[in-house]
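What follows is a short report on a single structure.
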């Protein structure tokens with residue numbers, strides 16, 4: 001069992017919650033700090049593929065997650081007047097399993113809630129480490145010491161900036177910005193969606209069933225777009241200005257966007273780093289190797305990364321250096337493949353009115369249909385680790 005007993009995780013998203021679960025299972029004492037006042041429950045639908053399903057199974061969450069499967073089928077591609085001209089096959093945008101992100105984080109938090117100390121409405125202000133541990137100062141003014149610090153705090157990771165350097169050194173924008181929000185399902189969509197594309201812009205609206213709410217996404221092509229990441233009003237003004245005059249349901253979507261309680265806006269980007277560890281600090285999930293939403297692989301990567309990192313720390317005992325090296329060796333092929341998918345997805349994102357033949361060809365050549373899995377998931381089950389009973 002690991003002797004790095006006292007671990008701080010920054011970020012209570014998918015990666016952070018899954019890591020809290022597995023570190024506790026392997027015998028660590030875990031603290032999670034999260035900038036938000038509570039676990040975030042909004043966001044778009046997320047996909048699971050391949051080995052990520054095995055991680056959910058080992059957490060006893062596969063069946064609960066399956067019960068949330070949106071089962072969204074093919075989507076209609078429509079023109080400015082709402083006329084359908086092609087069908088977007090589900091294989092292009094959905095994985096083996098798709099669930100609302102908010103419901104997923106709810107399940108993960110329920111599984112990890114009693115396995116860690118949670119510090120909500122706080123964040124890291126400073127990090128100092130030495131050979132024996134990591135000293136952190138929180139924005140609340142409290143200072144504490146931990147054996148290890150894990151950055152699971154997403155694309156704009158505070159841990160990464162404090163330990164490895166400024167964001168622009170590692171974040172590779174793909175030229176796409178996306179807004180996502182919930183709204184009433186006034187189109188009566190039922191396990192399907194509609195997609196509208198114009199030059200440099202795209203919008204879609206999906207619903208899991210006719211009785212519940214829908215979710216919309218507005219995408220725009222933009223290089224070097226400057227805005228305040230914490231100013232929702234400014235972000236909504238950018239979207240409204242860029243989509244002004246567009247057809248289909250865009251005017252109604254812009255109206256609904258302004259009152260949505262779960263509005264989210266960010267760039268589609270990769271995080272590319274030579275190493276994910278520095279001393280006693282390590283990154284997991286989007287903080288270290290974001291594959292961009294255009295890959296459809298981010299949630300799977302987060303689950304796998306958390307599982308592998310916790311397992312390698314348990315195997316290595318108090319040798320965190322060896323654990324971090326093994327973690328990177330196992331995850332690198334997986335990350336490289338998924339980041340390639342993210343780049344490819346961004347390149348074809350704003351295709352002008354593709355024909356049905358083109359869409360069918362894209363579906364037939366989707367990465368999950370043409371590329372073999374890059375890693376086999378090790379079995380880190382605690383009862384099977386060397387020197388443990390069972």
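The values are calculated or read from the model by the stated rules, or taken from the named source; none is laboratory data. What you are looking at is a predicted structure, and each value in this text was computed from that prediction instead of being measured. When we count neighbours, we look across all protein chains shown, and the Cβ atoms used for this are built from the backbone with ideal geometry, even at glycine.
Of 266, 262, all but one fail to be in a loop (DSSP other than H, G, I, E, B), in contact (Cβ under 8 Å) with a residue 60 or more places away in the chain and either closer than 30 Å to residue 150 by Cβ or touching a strand residue (DSSP E or B) at 6+ places or on another chain (Cβ under 8 Å) (or both); the exception is 262. Is it the case that some residue within region 299-312 is under 21 Å from the mean Cα position of the chain (by Cα), at pLDDT below 85 and part of a helix (DSSP H, G or I)? Checked region 299-312: no residue is under 21 Å from the mean Cα position of the chain (by Cα), at pLDDT below 85 and part of a helix (DSSP H, G or I). When region 49-96 is limited to residues that are surrounded by fewer than 17 Cβ atoms within 10 Å (Cβ to Cβ) and on the phi > 0 side of the Ramachandran plot, the one that is modelled with the lowest pLDDT turns out to be 71. Please indicate, with yes or no, whether at least one residue in region 235-245 is crowded, with 17+ Cβ neighbours inside 10 Å and more than 25 Å from residue 185 (Cβ to Cβ). Scanning region 235-245 turns up at least one residue that is crowded, with 17+ Cβ neighbours inside 10 Å and more than 25 Å from residue 185 (Cβ to Cβ).
Restricting attention to region 180-197, the residues that are modelled with pLDDT under 90 and more than 17 Å from residue 90 (Cα to Cα) add up to 0. Residues that are loosely packed, with under 13 Cβ neighbours inside 10 Å, touching a helix residue (DSSP H, G or I) at 6+ places or on another chain (Cβ under 9 Å), more than 18 Å from residue 174 (Cα to Cα) and modelled with pLDDT under 95 are absent from region 254-261. In region 98-113 there is no residue matching the filter, namely being touching a strand residue (DSSP E or B) at 6+ places or on another chain (Cβ under 8 Å), without any contact (Cβ under 8 Å) to a residue 40 or more places away in the chain and surrounded by fewer than 18 Cβ atoms within 10 Å (Cβ to Cβ).
Quick check on my filter: what residues within region 294-303 are touching a strand residue (DSSP E or B) at 6+ places or on another chain (Cβ under 6 Å) and buried (at least 24 other Cβ atoms within 10 Å of the Cβ)? Answer for region 294-303, where residues must be touching a strand residue (DSSP E or B) at 6+ places or on another chain (Cβ under 6 Å) and buried (at least 24 other Cβ atoms within 10 Å of the Cβ): 296, 299, 300. Of all the residues in region 182-206, those that are touching a strand residue (DSSP E or B) at 6+ places or on another chain (Cβ under 6 Å) and more than 12 Å from residue 74 (Cα to Cα) number 10.
Residues checked against (1) farther than 30 Å from residue 132 by Cα; (2) touching a helix residue (DSSP H, G or I) at 6+ places or on another chain (Cβ under 9 Å); (3) modelled with pLDDT under 95:
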{"position": "229", "(1), (2), (3)": "yes, yes, yes"}
{"position": "238", "(1), (2), (3)": "yes, no, no"}
{"position": "244", "(1), (2), (3)": "yes, yes, no"}
{"position": "250", "(1), (2), (3)": "yes, yes, no"}
{"position": "279", "(1), (2), (3)": "no, yes, no"}
{"position": "295", "(1), (2), (3)": "yes, yes, yes"}
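Candidates 174, 148, 155: the one that is closer than 24 Å to residue 7 by Cα, within 22 Å of the chain's Cα centre (by Cα) and in contact (Cβ under 8 Å) with a residue 40 or more places away in the chain is 155. Of the strands (runs of 3 or more DSSP E) lying entirely inside region 71-135, those carrying at least 1 residues that are under 30 Å from residue 247 (Cα atoms) are 75-78, 84-88, 97-100.
In region 194-214, the residue that is surrounded by the fewest Cβ atoms within 10 Å (Cβ to Cβ) out of those that are free of Cβ contacts under 8 Å to residues at least 60 places away in the same chain and part of a loop (DSSP other than H, G, I, E, B) is 211.
The set of residues in region 158-171 being farther than 19 Å from residue 30 by Cα and buried (at least 21 other Cβ atoms within 10 Å of the Cβ) consists of 160, 163, 164, 170.
For residue 291, the test of being in contact (Cβ under 8 Å) with a residue 40 or more places away in the chain, out of contact with any helix residue (DSSP H, G or I) (no Cβ under 6 Å at 6 or more places or on another chain), buried (at least 24 other Cβ atoms within 10 Å of the Cβ) and outside any helix (DSSP H, G or I) is failed.
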